[in-house]
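Please read the structure below before turning to the comments.
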Amino acid sequence: MQSDSRIDSKSLDIVFISYDESNSDKNWLELKARFPRAKRVHGVKGIKQAHQKAAETSHSDFFFVVDGDNRIRPDFNFEVADLDLKKDSIYVYRCVNPANGLSYGFGAVKIYNKSLIAGRDPKEKYVDLATTVATNYRIVSIKASETYFFNTEKEAWRGAFRECAKLAAGIIARQNDKETQERLDQWCVGVRDVPNKEWILMGARQGRDFGKNYPDQLSHLNDFNWLDRKFDEFTKTSRV
């Protein structure tokens, strides 16, 4: 294992994790063209399982994770010169959300150490993997990427529903309550003129209500089959 010390960024693998995002192939080709060392994990069912596969795929003990609906900003080069990486910490960059102007950890590029996710109990359940597996959650105040989660009606609804349910339930570890409420409000009223705007708003508001009313059912948020059924259920009577 690498020791806790300053590490050359070129020694860190970049792992692109995709499942069913309609723009993931395009985003992957762009990433691979700029950073040939990038690797891809695709189609693994379960968020924790996909990250465990990413840990297995990476040759470096610390590694970057890029989500399938993420586009890396032109001025970001996966440099970690100013980070003193620690095994017990997760490092979360800022991700720009074009749908509402927010810039925080939603969809963000992250740095994990293998020890955080490899070999964990398969029965463990997480509502939000990034904020629960590490002892320390380190914010990196660099805008590394942009999330285009709203390519289709279902993707727009699903991304907004999952995030707003977590925000409304207040379960994110070490959260700032005032900041969380401000983000939730922006999701629910401040959507810009982007594709599938109405579906983002619907997902955000329904996710907010779900998080407040059913906090004991939040583990469903990582079950995409369940989310598909909820999408169909909600939209039968709420077509926009």
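The values are calculated or read from the model by the stated rules, or taken from the named source; none is laboratory data. None of these values were measured; they are calculated from a predicted model. Every residue, glycine among them, receives a Cβ derived from its backbone with ideal geometry; neighbour counts consider all protein chains shown. Surface accessibility is based on the protein's heavy atoms, side chains included, excluding ligands, DNA and RNA. Shrake-Rupley method; radii C 1.70, N 1.55, O 1.52, S 1.80 Å.
One line per residue, one yes/no per condition, for (1) open to solvent by less than 30 Å² (accessible area, probe 1.4 Å); (2) closer than 24 Å to Glu21 by Cα; (3) in contact with a helix residue (DSSP H, G or I) (Cβ under 9 Å, 6 or more places away or on another chain):
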position	(1), (2), (3)
Arg158	yes, yes, yes
Lys178	no, no, no
Glu182	no, no, no
Asp216	no, no, no
His220	no, yes, yes
Phe224	no, yes, yes
Lys236	no, yes, no
Problem set entry | Residue that is outside any loop (DSSP other than H, G, I, E, B), closer than 29 Å to Val191 by Cα and of a type in the set (Asp, Glu), where the choices are Glu30, Glu56 | Glu30
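Please verify whether Ser141 is polar (S, T, N, Q) and in a helix (DSSP H, G or I), treating the condition exactly as stated.
Judged against the criteria, Ser141 is not a match.
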Exercise. For segment 191-207, how many residues are under 15 Å from Ala168 (Cα atoms) and open to solvent by 70 Å² or more (accessible area, probe 1.4 Å)?
Worked result: 1
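Here's the yes/no breakdown for (1) in a strand (DSSP E or B); (2) on the phi > 0 side of the Ramachandran plot; (3) touching a residue at least 40 places away in the same chain (Cβ under 8 Å):
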| residue | (1), (2), (3) |
| --- | --- |
| Val44 | no, no, no |
| Phe78 | no, yes, yes |
| Cys95 | yes, no, yes |
| Pro98 | no, no, yes |
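Residues to consider are Tyr126, Tyr137, Tyr112; find the one that is open to solvent by 60 Å² or more (accessible area, probe 1.4 Å), within 23 Å of Gln49 (Cβ to Cβ) and in contact with a helix residue (DSSP H, G or I) (Cβ under 8 Å, 6 or more places away or on another chain). Give the derivation first.
On the way: Tyr126 fails: open to solvent by 60 Å² or more (accessible area, probe 1.4 Å); Tyr112 fails: open to solvent by 60 Å² or more (accessible area, probe 1.4 Å).
Being open to solvent by 60 Å² or more (accessible area, probe 1.4 Å), within 23 Å of Gln49 (Cβ to Cβ) and in contact with a helix residue (DSSP H, G or I) (Cβ under 8 Å, 6 or more places away or on another chain) holds for just one of Tyr126, Tyr137, Tyr112, which is Tyr137.
Ala99: open to solvent by less than 10 Å² (accessible area, probe 1.4 Å), within 23 Å of His220 (Cα to Cα) and in contact with a Lys or Arg (Cβ under 8 Å, 6 or more places away or on another chain), yes or no? Reasoning before the result, please.
Details: open to solvent by less than 10 Å² (accessible area, probe 1.4 Å): yes; within 23 Å of His220 (Cα to Cα): no; in contact with a Lys or Arg (Cβ under 8 Å, 6 or more places away or on another chain): yes.
When the stated conditions are applied, Ala99 does not pass them.
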For this session: Within segment 143-153, work out how many residues are surrounded by fewer than 19 Cβ atoms within 10 Å (Cβ to Cβ) and either among the acidic types (Asp, Glu) or closer than 10 Å to Phe231 by Cα (or both).
Result: 1
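If you take the residues of segment 208-226 that are assigned to a helix (DSSP H, G or I) and free of Cβ contacts under 8 Å to residues at least 40 places away in the same chain, which of them is farthest from Ala168 (Cα to Cα)? Steps first, answer last, please.
At the first step, the residues of segment 208-226 found to be assigned to a helix (DSSP H, G or I) are 208-213, 215-222, 224-226.
If we keep only those that are free of Cβ contacts under 8 Å to residues at least 40 places away in the same chain too, we end up with 213, 216-217, 220, 225-226.
Numbers: Asn213: 9, Asp216: 13, Gln217: 13, His220: 15, Asn225: 22, Trp226: 19 Å.
Applying the filter and picking the extreme gives Asn225.
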